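The values are calculated or read from the model by the stated rules, or taken from the named source; none is laboratory data. As the structure is a prediction and not an experimental result, all values here were calculated from the model. Positions of Cβ are backbone-derived with ideal geometry, glycine not excepted, and every protein chain shown enters the neighbour counts. Side chains are part of the model used for accessible areas, which takes the heavy atoms of the whole protein and leaves out ligands, DNA and RNA. Shrake-Rupley method; radii C 1.70, N 1.55, O 1.52, S 1.80 Å.
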Amino acid sequence: MDAMAKTSTTTQGLRAAIERSGYYPALVAEAVEAAVGGEPMRSYLVHQETTFDQNEVRRHVTVLVLTDTRFIVSHTDEQTADSTSPTPYATTSTESVKLGRISSVVISRVVANPEQYTPGTPPREVVLTIGWGAVSRIDLEPAACGDPNCEADHGYTGSSTADDLSLRVSEAGDGPETVREALAFAQAISEATADPAR
């Protein structure tokens, strides 16, 4: 298959996945396609999440796209009418990150009955965390020395973690196909960021 045919198939696949999410597909597709532009897509992932906020149900869709040079993240949220808008509304944002800026790709897998695990068995849950330096989380705690009677101030110790995007998919909540798609996307972006030319 030539590059143009593959790109067309990937674009159609992305549109179909956005349609299947059932979440404002025209709005989501337009935002994602505008961010991607004419660049060929290598991989994508569409994830819809429903949350409960007091008496309201809120939906959120995340679309991740990998091109040859960029990682594109799109988030769409719906909001109920409030003091700023008399009608319900949705907000869509896209961020385009050069692959060379991605500093970490963390793939966490949760498997049931690990003593019986056989290679190729999909995990029951996958958490994909990608960091590129836009958002960091700092966890601090008081530093201490080994003397239990010491009352000196030893300052703080802690860690800084890149936390730009964290996406969790599970077999129970999203289905086994979404878990497989998340793993495939995770592998694609991990391989793309390992390329020394990026």
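Values computed for the structure shown
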read-out: Every residue from the range 118-146 that is open to solvent by 70 Å² or more (accessible area, probe 1.4 Å) and at pLDDT 80 or above; value: THR118, PRO119, GLY120, ARG124
read-out: Which listed residue, of GLN12, GLN48, is in a helix (DSSP H, G or I), at pLDDT below 95 and of a type in the set (S, T, N, Q); value: GLN12
read-out: Pairs where the first residue, in the range 35-58, is farther than 29 Å from GLU171 by Cβ and the second is surrounded by fewer than 10 Cβ atoms within 10 Å (Cβ to Cβ) and at pLDDT below 70, C-beta under 7 Å, 6+ apart; value: PRO40/ALA3
read-out: Extreme residue, nearest to LEU45 (Cα to Cα), among residues of the range 184-198 that are modelled with pLDDT of 90 or more and open to solvent by 30 Å² or more (accessible area, probe 1.4 Å); value: ALA184
read-out: Pairs where the first residue, in the range 3-27, is open to solvent by less than 80 Å² (accessible area, probe 1.4 Å) and the second is modelled with pLDDT under 55 and not in a helix (DSSP H, G or I), C-beta under 8 Å, 6+ apart; value: THR9/MET1
read-out: Top-ranked residue of the range 92-123 - restricted to ones that are assigned to a strand (DSSP E or B) and closer than 18 Å to GLU177 by Cβ, ranked as nearest to the chain's Cα centre (by Cα); value: ILE107
read-out: Test: residue in the range 147-169 that is of a type in the set (A, V, I, L, M, F, W, C), modelled with pLDDT of 90 or more and under 27 Å from ILE189 (Cα atoms); value: yes
read-out: Hits in the range 111-135 - residues which are over 16 Å from ALA188 (Cβ atoms), aliphatic (A, V, I, L, M) and either in contact with a Gly (Cβ under 9 Å, 6 or more places away or on another chain) or in contact (Cβ under 8 Å) with a residue 40 or more places away in the chain (or both); value: VAL127
